[in-house]
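Accompanying notes for the structure given below.
The values are calculated or read from the model by the stated rules, or taken from the named source; none is laboratory data. What you see is a predicted model, and the numbers here were worked out from it, not measured in a lab. Here the Cβ positions follow ideal geometry from the backbone for every residue, glycine too, while neighbour counts run over all protein chains shown.
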């Protein structure tokens, strides 16, 4: 009976930790995007847009290195893009943490399945970035 109760508490601890991870990731992403929006509006809020001419968005923050350079120089768009990257990486971190949780529970089947899902997601991200 004590082994069952200990496992239940362990499962519950893992679930609480994963929930906190997701919540923290979303809040962190929100704070970063909000800070980037404030920086962007302070610098560019007074500009009047020209709606007669269409200009597509600049492709300057589509790589991690470009986002990093923009963060260092304090560009609002780069800060916003970094917040979005954090938001995208939050569920991926949850999957990685789930693998650790399954390994701690010695549930190797689910650990393997979760590792396969993580590998598929990471390969898709790498392919999308052109790596």
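What number of residues within segment 97-131 satisfy the criterion of being closer than 30 Å to residue 37 by Cα and either in contact (Cβ under 8 Å) with a residue 40 or more places away in the chain or surrounded by 15 or more Cβ atoms within 10 Å (Cβ to Cβ) (or both)? Show your work before the answer.
Residues of segment 97-131 closer than 30 Å to residue 37 by Cα: 121-122, 124-131.
Narrowing further to those that are either in contact (Cβ under 8 Å) with a residue 40 or more places away in the chain or surrounded by 15 or more Cβ atoms within 10 Å (Cβ to Cβ) (or both): 129.
The qualifying residues number 1.
Which residues, taken from segment 61-85, are in contact with a helix residue (DSSP H, G or I) (Cβ under 6 Å, 6 or more places away or on another chain) and assigned to a loop (DSSP other than H, G, I, E, B)?
61
Looking only at residues that are assigned to a helix (DSSP H, G or I) and under 17 Å from residue 17 (Cβ atoms) in segment 102-127, which one is modelled with the lowest pLDDT?
Start the filter on segment 102-127 by keeping residues that are assigned to a helix (DSSP H, G or I), which leaves 102-104, 108-127.
Now narrow it down to the ones that are under 17 Å from residue 17 (Cβ atoms): 102-104, 110-111, 114.
Details: 102: 89, 103: 89, 104: 86, 110: 93, 111: 94, 114: 95.
If we take residues in segment 102-127 being assigned to a helix (DSSP H, G or I) and under 17 Å from residue 17 (Cβ atoms), then 104 is modelled with the lowest pLDDT.
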